[in-house]
Amino acid sequence: MQRNFEIGIEVGKKNFDAINRKPKRWKSRFIPKWIQDNLYVSHYFTELDDGSIKLFIIQFPLLKGEKAHFIEYICEKSPIIFSST
């Protein structure tokens, strides 16, 4: 279970690195303004009322006309302790 989150975080970081290697003009076209201003990170967690934790990772645009966005990578129902790395 913990390993699933670690893999997801690693995938998010790789996607984020690929986005960061793009030039400024590309970023202004393919990263929505709200992400640029408020949520320019590789991943984030949300906790649901039932104690489940969801991991969302940034997704590099793959299709024509698509922009960078976040996808739900995994949702686990049991509590997990995260390291700060």
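For the range 2-76, the residue among Ile9, His43, His69 whose Cα projects farthest onto the positive side of the dipole built from Cβ charges is His69. Close amide H contacts of Tyr73 (hydrogens built in the peptide plane, cut-off under 5 Å, sequence separation of 5 or more or a different chain): Leu55, Phe56, Ile57.
Axis of helix 2-20 versus longest Cα principal axis of the chain: the two differ by about 10°, to the nearest ten degrees. Protection proxy ranking, highest mean first, for peptides 32-42, 12-22: 12-22, 32-42, where packing is the per-residue count of other beta-carbon atoms within 10 Å, averaged. Of all aspartates and glutamates in the structure, those lying under 20 Å Cα to Cα from Lys67, and not within fewer than 8 positions of it along the same chain, are Asp17, Asp37. In this model, which of Lys24/Lys77; Lys22/Lys77; Lys14/Lys64 are farther than 32 Å apart at the alpha-carbon? Exceeds cut-off: Lys24/Lys77; Lys22/Lys77. Remark: the chain carries a charge dipole of roughly 800 debye about the Cα centre, counting +1 on each Lys and Arg Cβ and -1 on each Asp and Glu Cβ.
In a fully extended conformation the segment linking Leu48 and Asp17 would gain 8.3 nm over its present Cα-Cα distance, using 0.36 nm per residue. Size descriptors for the chain: radius of gyration and Dmax over Cα atoms are 13.9, 42 Å.
Dividing the mean sequence gap of close Cα pairs (under 8 Å, 6+ apart) by how many residues the chain holds gives a relative contact order of 31 percent.
Between Glu66 and Leu39, full extension at 0.36 nm per residue minus the direct alpha carbon distance yields a gain of 7.9 nm.
Bear in mind these aren't lab numbers, they're just calculated from the coordinates by the rules spelled out. Note that the structure is a prediction, hence the values are computed from the model and not measured. FYI the Cβ positions are ideal-geometry reconstructions off the backbone, even for glycines, and counts take in every protein chain you see.
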